[in-house]
Amino acid sequence: MIDDDTMIDDDIWAGASPEIYQVRTKAPGPAGSLPLTEEMLLNRPSGDIFGLTQNAGMGWNPAELGRKQFLILSTQGGIRAPDGQPVALGYHTGHWEVGLLVQAAARELRALGTIPFAGYCSDPCDGRTQGTTGMFDSLPYRNDAAQIFRRLIRSLPTRSGVIGVATCDKGLPAMMMALAGMKDLPSVLVPGGVTLPPEGGEEAGAIQTIGARFAHGLISLQDAADLGCRACATPGGGCQFLGTAATSQVIGEALGMAVPHSALAPSGQAVWTDIAVRSARAVCRLEARGINMRNILTPSSIRNAMAVHAAFGGSTNLLLHVPAIAHAAGLRRPTVEDWIEVNRSVPRIVSVLPNGPVHHPTVRVFLAGGVPEVLLHLRSLGVLDTAALTVTGKTVGEMLDGWAASERRTRFREILRQQDGVNPDDVIMSPDQARARGLTSTVTFPRGNLAPEGSVIKSTAMDPAILDQDGIYRKEGPARVFTSERAAMDAIKKGQIQPGDILVLMGCGPLGTGMEETYQLTSALKHLPFGKEVALITDARFSGVSTGACIGHVGPEALAGGPIGKLRDGDRIRIFIDRERLEGSVDFVGEVGKRFKPEEGERILAERKPRAGLAPHPSLPDDTRLWAALQQIGGGTWGGCVYDVEQILQVLQGGVRTKG
């Protein structure tokens with residue numbers, strides 16, 4: 001190890017290998033000739049010609065440079081040695097192995113007589129940034145990465161099509177937004193798969209609560225260290241639960257952007273790399289048939305994806321990402337009313353972490369049939385548009401006909417029975433069986449005087465023990481108000497939050513913290529004995545693995561003048577969630593020693609000033625402040641946090657005229 005205190009200038013140059021002085025100043029260059037024609041030299045841009053020179057310089061056989069070119073983009077991170085050992089770590093397992101998918105796709109493209117190109121933009125890990133200021137860049141990264149991917153696509157003007165490889169919470173939605181925006185290109189999405197759970201231990205969602213559990217004496221230091229070491233049991237893939245990463249994979253396939261039965265495959269295994277091979281073949285077929293992304297992404301495919309989200313019980317973060325994908329594709333963004341309509345018509349039928357009722361890891365969902373199996377049930381319910389096109393070149397209906405009779409379906413479902421002793425029909429259930437097991441529709445959108453624009457709760461993941469006999473959640477309790485996640489987490493660890501409290505976290509929407517994810521809080525409440533007796537209301541968002549009486553995306557956010565920002569400690573809050581009718585409300589209904597109706601509460605809140613100390617986080621980066629302002633113009637949280645260029649230009653031009 002270098003000791004900076006003893007380093008002197010001469011040490012910088014000491015110890016170098018003699019080989020560094022063996023320097024060449026010229027080289028012979030590649031052998032052969034470029035496949036140029038007179039027409040190319042006279043009519044093609046110089047960039048096209050110089051591109052061929054670059055291709056030869058990088059070592060491609062000049063005789064093959066006339067082939068069609070396909071671009072592979074990925075979220076690859078870290079540097080793996082050939083034996084899989086780390087040379088430099090990535091940010092997370094989700095992008096650690098995707099370079100192998102890129103290689104598999106590239107080799108197949110070359111075998112098909114084309115030239116593969118590859119580029120990447122790595123992505124962060126929401127688990128790694130939980131409770132840190134790194135979370136302030138999480139959601140804004142999605143928009144930035146989508147722009148970078150689109151710029152990389154446009155920067156290879158000679159490409160004939162694109163493959164996008166991505167796995168996790170923000171990189172995968174960004175990739176889908178980028179491919180959606182390339183309306184006139186054939187494109188295929190490759191989901192990055194999942195990591196496996198440990199044979200003995202805890203999965204990656206539960207393991208993120210070891211700090212809170214240790215603080216309450218529920219586990220020992222050694223247990224925390226041992227469990228934490230084993231939670232990511234294999235080196236690649238997204239987390240083992242149906243969080244935002246896994247839900248995004250499911251949605252990508254449901255949109256028709258990925259080949260069938262590709263979401264949630266176990267990373268690093270043969271079935272996983274085979275998906276990249278099939279995707280390379282698919283993009284070439286699309287190009288040959290003139291099928292582009294505008295033919296795949298349609299209002300029907302968006303609605304199909306929303307139905308699949310409801311059937312799986314997916315992450316509420318997709319309420320941000322699906323509208324953003326639709327916007328990138330030039331389609332109408334789904335509204336809260338659209339989500340309500342879909343969830344009322346589509347039952348949840350998948351039993352998986354974290355929703356239950358049995359906490360199967362996502363790899364079991366893949367073995368049980370994954371997205372195609374769920375689609376079969378939805379087709380029988382009549383809630384799918386089976387005429388929607390997929391990247392196979394076939395419609396959803398044609399694909400499902402093939403899936404139902406396929407050897408692939410039969411053999412993988414049998415593997416689940418034989419290897420794990422699990423009936424696949426207990427993982428992906430029929431609607432009747434799901435209803436009998438007590439599964440309810442996925443999300444409810446409470447309104448009220450604290451959320452006049454709306455809010456969201458994954459009502460299907462609420463503990464049945466906290467529901468009344470009629471299946472409705474009713475709670476009234478005192479507000480415990482916090483303006484930072486750190487302060488709220490400290491209160492939980494120090495035992496300052498009691499059963500019956502309603503924890504209010506304000507100032508954590510886009511304007512305050514970049515709409516940070518607050519899994520620290522929701523996971524602590526889930527895994528502490530008294531946690532189910534505490535509700536949470538916030539203008540922030542939740543991890544896809546969050547469960548319980550947690551109401552997020554409250555709008556307007558506190559820093560945009562939302563009434564949530566005027567609550568005080570001890571204020572009485574009433575929550576009502578009907579999981580069957582998908583109706584809910586969240587209202588301020590009292591002060592200390594006084595009760596009143598929601599209408600009176602609305603009047604009182606209107607007269608109050610915002611809570612003292614309510615302000616953007618002092619460490620909020622300027623990059624995120626700019627993102628927050630621009631996405632607010634484009635429709636804000638309920639519009640998918642997108643950049644609506646036309647609206648932004650109107651606002652800017654109006655400001656210029658006013659200033660002038």
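Taking the condition of being in a strand (DSSP E or B) and either buried (at least 18 other Cβ atoms within 10 Å of the Cβ) or among the polar types (S, T, N, Q) (or both), how many residues in segment 67-86 meet it?
7
Out of the residues in segment 54-66 that are open to solvent by 70 Å² or more (accessible area, probe 1.4 Å) and in a helix (DSSP H, G or I), state the one that is nearest to GLY29 (Cα to Cα).
My answer is GLN54.
For segment 609-660, what are the residues that are assigned to a helix (DSSP H, G or I) and among the aromatic types (Phe, Trp, Tyr)?
TRP627, TRP638
The rows are residues; the columns are (1) part of a helix (DSSP H, G or I); (2) touching a residue at least 40 places away in the same chain (Cβ under 8 Å).
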position: HIS309; (1), (2): yes, yes
position: LEU320; (1), (2): yes, yes
position: GLU341; (1), (2): yes, no
position: VAL371; (1), (2): yes, yes
position: ARG379; (1), (2): yes, no
position: ALA387; (1), (2): no, yes
position: TRP403; (1), (2): yes, yes
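Tell me the residue from GLN433, GLN419 that is outside any loop (DSSP other than H, G, I, E, B), more than 27 Å from VAL259 (Cα to Cα), out of contact with any strand residue (DSSP E or B) (no Cβ under 7 Å at 6 or more places or on another chain) and of a type in the set (S, T, N, Q), please.
Every option except GLN433 fails the conditions.
Does GLU516 satisfy being in contact with an Asp or Glu (Cβ under 9 Å, 6 or more places away or on another chain) and either of a type outside the set (S, T, N, Q) or at positive phi (or both)?
In short, yes.
Can you tell me which residue is least open to solvent (accessible area, probe 1.4 Å) among those in segment 87-100 that are free of Cβ contacts under 8 Å to residues at least 60 places away in the same chain and out of contact with any Phe, Trp or Tyr (no Cβ under 9 Å at 6 or more places or on another chain)?
Result: ALA88.
Quick test of your reading of the structure: PHE366 fulfils all but one of (1) part of a helix (DSSP H, G or I); (2) farther than 28 Å from ASP420 by Cβ. Name the failing condition by number.
In the conditions (1) part of a helix (DSSP H, G or I); (2) farther than 28 Å from ASP420 by Cβ, PHE366 misses (2) alone.
Within segment 385-403, track down each residue that is open to solvent by less than 30 Å² (accessible area, probe 1.4 Å) and either under 23 Å from the mean Cα position of the chain (by Cα) or not β-branched (Val, Ile, Thr) (or both).
ALA388, THR390, VAL391, GLY393, GLY397, MET399, LEU400, TRP403
Output yes when any residue across segment 422-439 is within 30 Å of THR538 (Cα to Cα) and either at pLDDT below 95 or touching a helix residue (DSSP H, G or I) at 6+ places or on another chain (Cβ under 8 Å) (or both), and no when none is.
Within segment 422-439 (the criterion being within 30 Å of THR538 (Cα to Cα) and either at pLDDT below 95 or touching a helix residue (DSSP H, G or I) at 6+ places or on another chain (Cβ under 8 Å) (or both)), the answer is yes, since at least one residue qualifies.
If I ask for residues that are open to solvent by less than 70 Å² (accessible area, probe 1.4 Å), of a type outside the set (Asp, Glu) and in a helix (DSSP H, G or I), which ones from segment 26-52 would you list?
Of everything in segment 26-52, those that are open to solvent by less than 70 Å² (accessible area, probe 1.4 Å), of a type outside the set (Asp, Glu) and in a helix (DSSP H, G or I) turn out to be MET40, GLY47, ILE49, GLY51, LEU52.
Considering only residues of segment 183-193 that are among the hydrophobic types (A, V, I, L, M, F, W, C) and surrounded by 23 or more Cβ atoms within 10 Å (Cβ to Cβ), which is farthest from PRO266 (Cα to Cα)?
VAL188
Out of the residues in segment 149-179 that are open to solvent by 10 Å² or more (accessible area, probe 1.4 Å) and of a type in the set (Lys, Arg), state the one that is nearest to the chain's Cα centre (by Cα).
It comes out as ARG150.
Please find, within segment 571-603, the residue that is nearest to the chain's Cα centre (by Cα) out of those that are farther than 29 Å from THR442 by Cβ and assigned to a loop (DSSP other than H, G, I, E, B).
ASP571
The values are calculated or read from the model by the stated rules, or taken from the named source; none is laboratory data. Predicted model, so just to flag it, every value in this text is computed and none were measured. Note that each Cβ is placed from the backbone with ideal geometry, even for glycine, and that neighbours are counted across all protein chains shown. Heads up: the accessible areas ignore ligands, DNA and RNA and are worked out on the full protein's heavy atoms, side chains in. Shrake-Rupley method; radii C 1.70, N 1.55, O 1.52, S 1.80 Å.
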